[in-house]
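To start, the structure itself, in structure tokens.
The values are calculated or read from the model by the stated rules, or taken from the named source; none is laboratory data. Worth saying up front: this structure is predicted, and the values here are computed from it rather than measured. Reconstructed Cβ throughout: ideal geometry from the backbone, glycine too, with neighbour counts over all protein chains shown. Areas reflect the complete protein model, heavy atoms only, side chains present, ligands, DNA and RNA absent. Shrake-Rupley method; radii C 1.70, N 1.55, O 1.52, S 1.80 Å.
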Amino acid sequence: MNGMSLDQHQLELTGQIEKLRSHLWSDQHYNETPTLAYGTHDPLEVELSQCDSCSGEGVLDQSQAGRSKTRWQVRCSCCSKISGAPTRNPWTASLMWNGVNLKSMQYFDLPLFGLADLNPREAHDRIKRIRANLELRISLSDAQLQLHNAGGCKRKPGTKYAVKLDAYLKWAMLAHRLIKLAMRRPCSRAKVPGPDFP
């Protein structure tokens, strides 16, 4: 709290929440957000991509870190490649694996965000705006949780809601990387204008 009293901290968080809500519910933000309907796919379900290094299959491993703390990591079934540091949940480890193994994926095949019929520029604009909305909603949820923990609000924000927002954001980050990759590829899927007819 940086030397602030509890009342000052609660007041600061309340102001932060009001500012975030005001931005989130503004006409400008509403007009800039293409959708809040990301698709029917559960963001906690992640299909593993192939290993970019050897085309092996990714395998989700569970391990114990300390007293009964389960951690997750994806390892290649053929080579020594791993997803990164072990994480608390399987979907984060899976998305981390996919984030370092992009070759076998295309942004338009992702089951979320409605990118299937968009060229890379359109997809980039859409995912950038979706990501901005998700980051704003996560900031609001975090501030509400901090206010609850500081005793300024009896109602605790939903944990499952926060987890889903985080998962959607990580999917959006993966989509962003795939779109950037597609923009650099000379033969990326792009809409080709048809002939002009009178």
Item to complete: Would you confirm whether any residue within the stretch 87-102 is farther than 23 Å from ILE179 by Cα and of a type outside the set (S, T, N, Q)?
Response: yes
Worksheet, complete the sentence: Per the list (1) crowded, with 17+ Cβ neighbours inside 10 Å; (2) modelled with pLDDT of 95 or more; (3) not aromatic (Phe, Trp, Tyr), residue check on ASP109 breaks on (1)
Fill in: Every residue from the stretch 153-189 that is surrounded by 14 or more Cβ atoms within 10 Å (Cβ to Cβ) and at pLDDT below 90
CYS153, PRO157, SER188, ARG189
Worksheet entry | Sole exception among (1) closer than 21 Å to GLU32 by Cα; (2) surrounded by fewer than 18 Cβ atoms within 10 Å (Cβ to Cβ); (3) within 15 Å of the chain's Cα centre (by Cα) for GLY99, by number | (1)
Worksheet, complete the sentence: Restricting attention to the stretch 15-33, the residues that are open to solvent by less than 60 Å² (accessible area, probe 1.4 Å) and in contact with a helix residue (DSSP H, G or I) (Cβ under 7 Å, 6 or more places away or on another chain) number exactly 5
Item to complete: Quick one: in the stretch 34-80, of everything that is basic (Lys, Arg) and loosely packed, with under 15 Cβ neighbours inside 10 Å, which residue is nearest to the chain's Cα centre (by Cα)?
Response: LYS69
Worksheet entry | Matching residues in the stretch 81-96 - criterion: being assigned to a helix (DSSP H, G or I) and either open to solvent by less than 10 Å² (accessible area, probe 1.4 Å) or of a type in the set (A, V, I, L, M) (or both) | ALA93, SER94, LEU95, MET96
Item to complete: Using the structure shown, decide if GLY66 is touching a helix residue (DSSP H, G or I) at 6+ places or on another chain (Cβ under 6 Å), not β-branched (Val, Ile, Thr) and not in a strand (DSSP E or B).
Response: no
Item to complete: Considering (1) farther than 24 Å from ASN31 by Cα; (2) outside any loop (DSSP other than H, G, I, E, B); (3) in contact (Cβ under 8 Å) with a residue 60 or more places away in the chain; (4) open to solvent by 50 Å² or more (accessible area, probe 1.4 Å), say which one ARG121 fails and leave the rest.
Response: (1)
Worksheet item: Looking at ARG137, is it over 30 Å from GLN10 (Cβ atoms), in contact (Cβ under 8 Å) with a residue 60 or more places away in the chain, open to solvent by 10 Å² or more (accessible area, probe 1.4 Å) and not in a loop (DSSP other than H, G, I, E, B)?
Response: no
Practice prompt. Scan the stretch 23-48 and report the pairs whose first residue is assigned to a helix (DSSP H, G or I) and whose second residue is open to solvent by 80 Å² or more (accessible area, probe 1.4 Å), with Cβ atoms within less than 9 Å and a gap of 6+ or a chain change.
Written response: LEU24/TYR30; HIS29/HIS23; GLU32/ARG129
